[in-house]
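Participant: Structure incoming, see below.
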């Protein structure tokens, strides 16, 4: 069974600096998707970025980028120019690509609480 | 506006009672999921459904039941068999036809046993 591990329960960063959140996963599949979600104090889950495993190029979304290391099963999130609004719980998630319209399980890590200091 | 609606936002249950959490979506999504969130444990999958009248157990299904009679609706019943039901519950859905489609989430239901 696939598992997702976030080994950093808490991280902190100064405003305008860069921080990297770690995520590792375990799967025997070769085709899958990885996601980073943000959960602010409102508890509304928001997609930050996604990565398709078949793509070698790392995904980027404005100040957010990932370092996807497929062989190492690592999927870290880098937040550049951190802002106060980035403070939240961040979750890494995995979903196997089952083809067609099949989705399977969407598995989450334990989460990392990010604090941004002014 | 399209989205996922969970109700109620707060729910209180007495010991030994069954309660049902509502999840409705008007996004025409096929797959729907229920998660439980406890402090320090992230999101744990309870049940998921990929199509009407079909659903699969997740990692912590004991003490819970679901139904999927309509595409739009995926209610979760927390039964008296669930020994520690106090938690935050999140419902999610995924759009059809795109493998990398993100999950959209409701705003959650906070269940407390009193």
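Participant: Can you tell me which of (1) within 13 Å of chain B (Cβ to nearest Cβ); (2) over 12 Å from the mean Cα position of the chain (by Cα); (3) in contact (Cβ under 8 Å) with a residue 24 or more places away in the chain is the one residue A:42 doesn't meet?
Facilitator: The single condition residue A:42 does not satisfy is (3).
Participant: Same structure again: For residue A:9, which of the numbered conditions (1) facing chain B (nearest Cβ under 10 Å); (2) buried (at least 16 other Cβ atoms within 10 Å of the Cβ) fails to hold?
Facilitator: (2)
Participant: Take the conditions part of a loop (DSSP other than H, G, I, E, B) and out of contact with any helix residue (DSSP H, G or I) (no Cβ under 9 Å at 6 or more places or on another chain) and apply them to residue A:57. Does it pass?
Facilitator: yes
Participant: Take the residues in region A:99-117 that are surrounded by fewer than 21 Cβ atoms within 10 Å (Cβ to Cβ) and at pLDDT 95 or above; name whichever of them is farthest from the other protein chains (Cβ to nearest Cβ).
Facilitator: Among them, the one singled out is A:117.
Participant: When you scan region A:62-117, how many residues do you find that are over 14 Å from the mean Cα position of the chain (by Cα) and at positive phi?
Facilitator: 5
Participant: Within region A:79-95, take every residue that is buried (at least 16 other Cβ atoms within 10 Å of the Cβ) and more than 10 Å from chain B (Cβ to nearest Cβ) and give me the one that is modelled with the lowest pLDDT.
Facilitator: Initial filter on region A:79-95 (buried (at least 16 other Cβ atoms within 10 Å of the Cβ)): A:79, A:82, A:86-95.
Restricting the remaining residues to those that are more than 10 Å from chain B (Cβ to nearest Cβ) gives A:79, A:82, A:86-88, A:90, A:94.
On the way: A:79: 98, A:82: 98, A:86: 97, A:87: 97, A:88: 96, A:90: 97, A:94: 93.
Once the filter is applied, the top-ranked residue is A:94.
Participant: Right, next: Give, as residue ranges, the strands (runs of 3 or more DSSP E) completely inside region A:1-49 that count at least 3 residues that are farther than 17 Å from residue A:59 by Cα. Spell out how you get there, then give the answer.
Facilitator: Values: elements: A:3-5, A:10-14, A:19-21, A:24-26, A:32-39.
Filter on region A:1-49 gives A:3-5, A:10-14.
Participant: Of (1) within 12 Å of residue B:46 (Cβ to Cβ); (2) modelled with pLDDT of 90 or more; (3) more than 9 Å from chain A (Cβ to nearest Cβ), residue B:92 satisfies all except one. Which?
Facilitator: (3)
The values are calculated or read from the model by the stated rules, or taken from the named source; none is laboratory data. It should be emphasised that the depicted structure is a prediction, and the values quoted were computed from it without experimental measurement. Using ideal geometry, Cβ is built from the backbone for each residue, glycine included, and neighbour counts are taken over all protein chains shown.
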